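*Asks:* I'd like to ask some things about the structure below.
The values are calculated or read from the model by the stated rules, or taken from the named source; none is laboratory data. Computed from a prediction, not measured in an experiment: that's the story for all the values here. Counting neighbours? That spans all protein chains shown, and the Cβs are built from the backbone with ideal geometry, glycine included. Only protein heavy atoms, including side chains, enter the accessible area calculation; ligands, DNA and RNA are left aside. Shrake-Rupley method; radii C 1.70, N 1.55, O 1.52, S 1.80 Å.
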Amino acid sequence: YYMDWEDYQLELTDPSRVACPDGGPDEIDGVCGQPWQTVVANAGEASITGVEAELDWAITSNLLFGMNMTWLDAQNGTDVDTDGSGTPNVSDGDRLPVSPEWAGSAWAQYNWDISRINGGGFARLQWSYTGDSVSNLEPNTPATHPGNPQFKNESYNIGDFHIGISGPTWETSLFVTNLTDERAHYNHSWGIYEAGQGSAQDDRAFVDRLYTSRPREVGFRVIKRWGG
């Protein structure tokens, strides 16, 4: 598939936060020296070219296998000046944020009959992969833009396992999610000083946010169904 995106909206750093020039006034309203803030703005044009594929295979009457994959080429389509420097700092061809090039998953499930409960058992293993991505559109560094740098979100793998039995109106199962206890970083961002979180005394003016996966979880689930 192909998507052409016009006037797409992204959260950007307000360029008026840059320091005013030496020897000039302390503030030039709307141009420089303003409080740090972010804005949701129309950033230009973008395009996404993608391919998706899926396979479902009943290897036997009891053993099922499936997999899927996605490839994305998500690009900014215009040169944009987002920091007020007068020179575009976002270029045509830059990656769109939180858009991994590759993602995919695979699963296998084995089912068996248990006549004495008029039901059966099942065991399922599934695994997913997500490639790396960038946290935002602007290719900033912590040194040049300490309020809004661009981070790389590394690739990660998540695996789950379920085993259980079920009858006509009930199901019970044991599950383990995030088998390898992966600490996947879905996204990474910095925020400006916030009362109670940032601390000038501790030289911590910014809040470092990591959006991560749940740790490994082991549980037991019982389901009961009533009615039709």
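*Asks:* Any idea which residue in segment 214-228 is least open to solvent (accessible area, probe 1.4 Å), counting only those that are part of a strand (DSSP E or B) and not aliphatic (A, V, I, L, M)?
*Replies:* Kept after step one, since they are part of a strand (DSSP E or B), are these residues of segment 214-228: 217-224.
Filter again for not aliphatic (A, V, I, L, M), leaving 217, 219-221, 224.
Values: Glu217: 66, Gly219: 13, Phe220: 144, Arg221: 97, Lys224: 97 Å².
Looking at residues that are part of a strand (DSSP E or B) and not aliphatic (A, V, I, L, M), I get Gly219.
*Asks:* Something else now. Looking at segment 77-110, which of its residues are over 27 Å from Gly44 (Cα atoms), open to solvent by less than 60 Å² (accessible area, probe 1.4 Å) and either in contact with a Leu (Cβ under 6 Å, 6 or more places away or on another chain) or not in a strand (DSSP E or B) (or both)?
*Replies:* Ala108, Gln109, listed by residue number.
So that you can scan it fast, the table gives a plain yes or no per residue for (1) more than 17 Å from the chain's Cα centre (by Cα); (2) surrounded by 15 or more Cβ atoms within 10 Å (Cβ to Cβ); (3) within 26 Å of Arg183 (Cα to Cα):
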{"position": "Trp112", "(1), (2), (3)": "yes, no, no"}
{"position": "Phe122", "(1), (2), (3)": "yes, yes, no"}
{"position": "Ser133", "(1), (2), (3)": "no, yes, yes"}
{"position": "Pro139", "(1), (2), (3)": "yes, yes, yes"}
{"position": "Phe151", "(1), (2), (3)": "no, yes, yes"}
{"position": "Asn157", "(1), (2), (3)": "no, no, yes"}
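*Asks:* Go through (1) in a strand (DSSP E or B); (2) under 29 Å from Val207 (Cα atoms) for Pro142 and report which single condition fails.
*Replies:* (1)
*Asks:* Which of the residues belonging to segment 93-139 are without any contact (Cβ under 8 Å) to a residue 24 or more places away in the chain and polar (S, T, N, Q)? Spell out how you get there, then give the answer.
*Replies:* Going through segment 93-139, the residues without any contact (Cβ under 8 Å) to a residue 24 or more places away in the chain turn out to be 93, 113, 115-116.
Of everything in segment 93-139, just one residue is without any contact (Cβ under 8 Å) to a residue 24 or more places away in the chain and polar (S, T, N, Q), namely Ser115.
*Asks:* For segment 163-176, give me the residue count where each residue is surrounded by fewer than 17 Cβ atoms within 10 Å (Cβ to Cβ), touching a Lys or Arg at 6+ places or on another chain (Cβ under 9 Å) and of a type outside the set (D, E, K, R). Give the derivation first.
*Replies:* First, pick out the residues of segment 163-176 that are surrounded by fewer than 17 Cβ atoms within 10 Å (Cβ to Cβ): 163, 165, 167-172, 174-176.
After this cut, where a residue has to be touching a Lys or Arg at 6+ places or on another chain (Cβ under 9 Å) as well, the list is 163, 168-172, 174-176.
Cutting the leftovers down to of a type outside the set (D, E, K, R) gives us 163, 168-170, 172, 174-176.
Matching residues across segment 163-176 total 8.
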